[in-house]
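**Q** Below you will find the structure I want to go over with you.
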Amino acid sequence: MKLGIMQPYFFPYIGYFQLMNAVDEFVVYDNIEFTKKGWINRNRILVNGQDSFITLPLKKDSDYLDVRDRYLADSWTSERMKMLNRIKESYRKAPQFNSAYPVIEESILFEESNLFKYIFHSLDKVKSYLAIDTPLTISSTLTIDNRLKADKKVIAICKERNADTYVNPIGGIQLYIKDEFKNEGIDLHFLKANDFEYQQFDNKFVPWLSIIDVLMFNSREEVREYLNSFYTLL
């Protein structure tokens with residue numbers, strides 16, 4: 001059984017969904033420390049031919065809280081309409097706007113103030129739109145020692161889920177050692193998305209934007225093909 005594990009990201013880039021689609025079960029961390037300036041509560045879209053951030057505002061709180069203990073700011077009730085209007089104005093002439101926008105709109109208007117629950121809902125909505133049938137599991141529901149860190153925690157999760165293969169994004173190639181996993185009976189593989197381009201109006205292509213951008217310019221069938229456009233490093 002192949003397992004993938006990731007933090008919850010706000011409308012992440014396509015590589016996130018490639019990993020989700022490539023494994024038999026996908027674990028989303030909720031009991032992991034929130035990291036500033038990462039991709040948990042922000043991502044990039046195309047605005048006037050340039051990449052531009054969209055960000056979920058958070059209530060001020062301790063920097064050491066887990067993601068599941070963080071909440072959206074009270075201002076989000078009004079700010080979400082501004083974000084939606086920005087997305088609409090940026091992509092209203094995109095070829096797949098009519099198909100993709102309702103998924104984005106429903107996700108952004110989801111009535112939930114808890115950061116993890118809010119993001120998890122949007123991940124599940126995009127997953128359904130792309131017909132990815134991999135089940136999602138929330139990390140805090142697993143019976144492991146949550147004091148474990150890094151590769152020790154990953155190995156514990158793999159064992160709890162009876163996974164014999166762990167697939168990680170290519171960015172983790174410097175973090176994990178294959179022999180440490182092999183000694184625990186687990187094969188370690190790394191997934192790297194192939195470079196690809198699609199038409200973004202008449203602009204120079206801007207790569208690795210939010211999945212929002214991919215959905216606006218590509219049909220579901222085309223995105224399904226992109227989901228398999230990767231290679232794994234043994």
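The values are calculated or read from the model by the stated rules, or taken from the named source; none is laboratory data. Since this is a predicted model, take the numbers as computed values, not measurements. Glycine gets a Cβ as well: all are built from the backbone with ideal geometry, and neighbour counts include every protein chain shown. Ligands, DNA and RNA are stripped out before the accessible areas are found, and what is left, the full protein with its side chains, is counted by its heavy atoms. Shrake-Rupley method; radii C 1.70, N 1.55, O 1.52, S 1.80 Å.
**Q** Any idea which of N183, N146 is over 21 Å from D66 (Cα atoms) and of a type outside the set (D, E, K, R)?
**A** N183
**Q** Let me ask you something else. Take the stretch 190-223 and flag every residue that is at pLDDT 95 or above and outside any loop (DSSP other than H, G, I, E, B).
**A** I211, I212, D213, V214, L215, M216, F217, R220, E221, E222, V223
**Q** Okay, next question. Is the stretch 86-93 home to any residue that is in contact with a Lys or Arg (Cβ under 8 Å, 6 or more places away or on another chain) and not in a loop (DSSP other than H, G, I, E, B)?
**A** The answer is no, given that none of the residues of the stretch 86-93 is in contact with a Lys or Arg (Cβ under 8 Å, 6 or more places away or on another chain) and not in a loop (DSSP other than H, G, I, E, B).
**Q** With touching a residue at least 24 places away in the same chain (Cβ under 8 Å) and either open to solvent by 10 Å² or more (accessible area, probe 1.4 Å) or of a type in the set (D, E, K, R) (or both) as the only criterion, which of D24, D61 stands out?
**A** D24
**Q** Have a look at L215, L175 and point out the one that is surrounded by fewer than 17 Cβ atoms within 10 Å (Cβ to Cβ), out of contact with any Pro (no Cβ under 8 Å at 6 or more places or on another chain) and in contact (Cβ under 8 Å) with a residue 12 or more places away in the chain.
**A** L175
**Q** Filter the stretch 27-58 for residues that are touching a Phe, Trp or Tyr at 6+ places or on another chain (Cβ under 9 Å), open to solvent by less than 20 Å² (accessible area, probe 1.4 Å) and among the hydrophobic types (A, V, I, L, M, F, W, C); which is farthest from G4 (Cα to Cα)?
**A** L46
**Q** Out of the stretch 40-85, which residues are over 20 Å from Y29 (Cβ atoms), of a type in the set (D, E, K, R) and in a strand (DSSP E or B)?
**A** R44, D51
**Q** Right, something else. Which of the numbered conditions does Y16 fail, given that it passes all the others? Conditions: (1) among the hydroxyl-bearing types (S, T, Y); (2) part of a helix (DSSP H, G or I); (3) open to solvent by 40 Å² or more (accessible area, probe 1.4 Å); (4) touching a residue at least 12 places away in the same chain (Cβ under 8 Å).
**A** Every condition holds for Y16 apart from (3).
**Q** Among the residues of the stretch 113-151, write down those that are surrounded by 14 or more Cβ atoms within 10 Å (Cβ to Cβ) and among the charged types (D, E, K, R).
**A** The answer is K117, D124, K125, K127, D151.
**Q** Here are some residues: I108, I157, I104. Which one is free of Cβ contacts under 8 Å to residues at least 60 places away in the same chain, on the phi < 0 side of the Ramachandran plot and open to solvent by less than 40 Å² (accessible area, probe 1.4 Å)?
**A** Sole residue among the options that is free of Cβ contacts under 8 Å to residues at least 60 places away in the same chain, on the phi < 0 side of the Ramachandran plot and open to solvent by less than 40 Å² (accessible area, probe 1.4 Å): I108.
**Q** Ok, one more. Pull out all pairs, ordered by first then second residue, where Cβ-Cβ is under 8 Å, the residues are six or more apart or on different chains, the first lies in the stretch 112-127 and is closer than 12 Å to M20 by Cβ, and the second is polar (S, T, N, Q).
**A** V126/S107; K127/T134
**Q** Residues to consider are K182, K192, K204; find the one that is charged (D, E, K, R) and either surrounded by 12 or more Cβ atoms within 10 Å (Cβ to Cβ) or touching a strand residue (DSSP E or B) at 6+ places or on another chain (Cβ under 7 Å) (or both).
**A** Answer to the selection: K192.
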